[in-house]
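Every read-out reported here was derived from the displayed coordinates using simple, explicitly stated rules and does not represent laboratory data. What you are looking at is a predicted structure, and each value in this text was computed from that prediction instead of being measured. Don't worry about glycine lacking a Cβ; one is built from the backbone with ideal geometry, like all the others, and counts go over all protein chains shown.
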Amino acid sequence: MAMTERRPATQVASDARAEPRGFRPASRRRARIAGGAALAAIAVGGNVLVYSSLDDTTDVVQAVSNIRPGDVVTSEDLRIVEVDLDSTVPVVRADQIGLVVNQYARTYIAAGSLVIPEFVQSTPLVAPGRSVIALEVRPTQVPANVRERSRVELVVVSDGAPGMRAEGRVVDLGSSSNDSATGVFPLSVELPADVAADFAAAEQVEIVLLDPAADAAPDPVFDGDDG
């Protein structure tokens, strides 16, 4: 009778424990895996930091009604809103609202725009020794980028030749929709008082846009949610 020699059960169990089972990466591969896990942890931590910073909001002052140049800004014209805003944007914070209330608007402040300090001033828009005249102009007579507070030069044209000149500042820029039949709109310009009457009576006045200078109010900043 043929017999097959069998190993004792205790020896089989001992051999099974001694033999490695499953995936056992080499030491170099284990180092790579550990490094990858560390990088993944750093990436996750960075994303958490970025997303948490997006939740940071600032209480700022927003206009709730259209404010014309020269108007006195009241508390009813303003409200406090929370916005996600870069810290470099020079808006008026909620605790600085006193810098705006009862001040004169230097430029047109549209409803929904965030208020910045340069939008207002403590004195009336028309300074002593200055006057404001109204001109009726066509859109083609107004240089691109002219807006409230723009520095301009007015030139009286007579018989096709330029004549008297004066430097002024735009106070209010109307819309051509004010007169759909003629396509003209009013342009109010602040000039030296001693020449204002001459320009107001001139039949043809051309407009030249000048460098904005240091005191020009910047363009409005709008909150993404105007509701």
Legend entry - For Val171, residues with placed amide H under 5 Å, excluding near neighbours: Arg149, Ser188, Val189, Glu190
Inset, instruction - Arrange Ser150, Ser131, Ser75 by Cβ neighbour counts within 10 Å, fewest through most, would you? - result: Ser75, Ser131, Ser150
Inset, instruction - Report the far tail of the P(r) of region 130-209, meaning the percent of Cα-Cα pairs longer than 22 Å. - result: 18 percent
Inset, instruction - Quick one: order Glu76, Glu148, Glu136 by neighbouring beta-carbon count within 10 Å, fewest to most. - result: Glu76, Glu136, Glu148
Legend entry - P(r) of region 58-123 over all Cα-Cα pairs, binned every 5 Å from zero, in whole percent: 4, 21, 33, 26, 12, 4, 0
Inset, instruction - When a/c is below 1.5 the answer is rounded, else prolate if a/b is larger than b/c, else oblate, so apply that to region 110-151 with a ≥ b ≥ c taken from the square roots of the Cα gyration tensor eigenvalues. - result: oblate
Legend entry - Potential lengthening between Arg165 and Glu153 on full extension [0.36 nm per residue; Cα-Cα distance subtracted]: 3.6 nm
